[in-house]
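As structure tokens, the structure follows; a few thoughts come after it.
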């Protein structure tokens with residue numbers, strides 16, 4: 001793949017604009033989420049998962065379109081509302097805002113480093129996937145056997161490290177190998193999920209200190 005032709009100013013500008021537009025759509029979904037009946041949240045979570053699976057399968061054919069991406073972002077924003085509301089009730093609005101600011105600063109910092117460094121972080125892919133499966137296993141165990149506050153803090157710290165790692169991996173791969181405009185919708189979803197998971201694990205870390 002030709003670096004100069006794919007990593008030009010036009011695709012980058014379009015990626016940034018699309019990412020900001022997608023965040024605006026997700027924010028709109030978050031705002032609408034406050035009026036959605038509680039009984040509808042589980043079906044919306046299922047719809048969010050279905051949309052994500054469809055995008056993953058469509059990615060190989062580069063058939064992930066903007067309507068599908070924006071639909072996912074809106075539904076994801078709506079399903080995020082009860083989670084944010086729960087953390088506001090547990091740790092307070094000020095702590096949630098502090099967690100969001102910390103997520104923005106840490107995410108931006110590692111993303112800039114990953115984009116500017118000459119290091120190739122492709123080797124992180126397999127380690128991050130194993131870490132993600134280990135994290136999922138711990139969460140399933142915790143569902144049946146509640147952990148102590150220290151254990152919950154450890155899981156949260158692991159989640160923070162894993163999604164900072166995914167941020168470095170994803171951004172570094174874009175910087176080194178470039179991308180085409182057809183890849184933009186799925187790239188936006190990947191970056192969004194990196195950030196949202198980082199944010200939620202930071203909130204989880206704060207909440208574990210309250211137990």
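What follows is calculated from the coordinates using simple rules that are stated; it is not laboratory data. A quick note: this is a predicted structure, and the numbers were derived from the prediction, not measured. In this analysis, Cβ positions are derived from the backbone assuming ideal geometry, glycine residues included, and neighbour counts consider all displayed protein chains.
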Rank by packing, highest mean first: peptides 94-103, 134-143, with packing defined as the count of other Cβ atoms within 10 Å averaged across residues.
94-103, 134-143
Crossing angle, helix 9-33 versus the chain [Cα axis fit, 0-90 degrees, rounded to tens]
20 degrees
With only alpha-carbon atoms counted, please give the Rg and Dmax of the stretch 3-208, in Å.
17.4, 53
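I need 209, 170 ordered by Cβ neighbour count within 10 Å, fewest first. Let's see the in-between values first.
Working: 209 12, 170 21.
Listed from fewest to most nearby Cβ atoms, that is 209, 170.
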For helix 124-144, what angle does its Cα long axis make with the longest principal axis of the chain, in degrees from 0 to 90 and rounded to 10?
20 degrees
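Based only on other Cβ atoms within 10 Å, what is the fewest-to-most ordering of 127, 179?
By the 10 Å Cβ count, ascending: 127, 179.
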Take the alpha-carbon centre of the stretch 144-211, take the same for the stretch 25-103, and report the distance between them in whole Å.
15 Å
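For Cα pairs less than 8 Å apart in space and 6+ apart in sequence, what is the mean separation divided by the residue count of the chain, i.e. the relative contact order in percent? Display every interim value, and only then the final one.
Values: 210 pairs, mean separation 70.2, N = 211.
Relative contact order comes out at 33 percent.
Order these peptides, 73-80, 152-159, 113-120, by their mean beta-carbon neighbour count within 10 angstrom, highest first. Please list the in-between numbers first.
Working: 73-80: 23.0, 152-159: 18.2, 113-120: 13.1.
With the highest mean Cβ count within 10 Å placed first, the list reads 73-80, 152-159, 113-120.
Can you give me the relative contact order of the stretch 100-211 as a percent, contacts being Cα pairs under 8 Å and 6 or more apart? It would help to have the intermediate numbers written out before the result.
Working: 90 pairs, mean separation 49.4, N = 112.
Dividing the mean separation by the residue count of the stretch 100-211 yields 44 percent.
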Between the Cα axis of helix 66-91 and the main Cα principal axis of the chain, the angle (0 to 90°, nearest 10) is 30 degrees
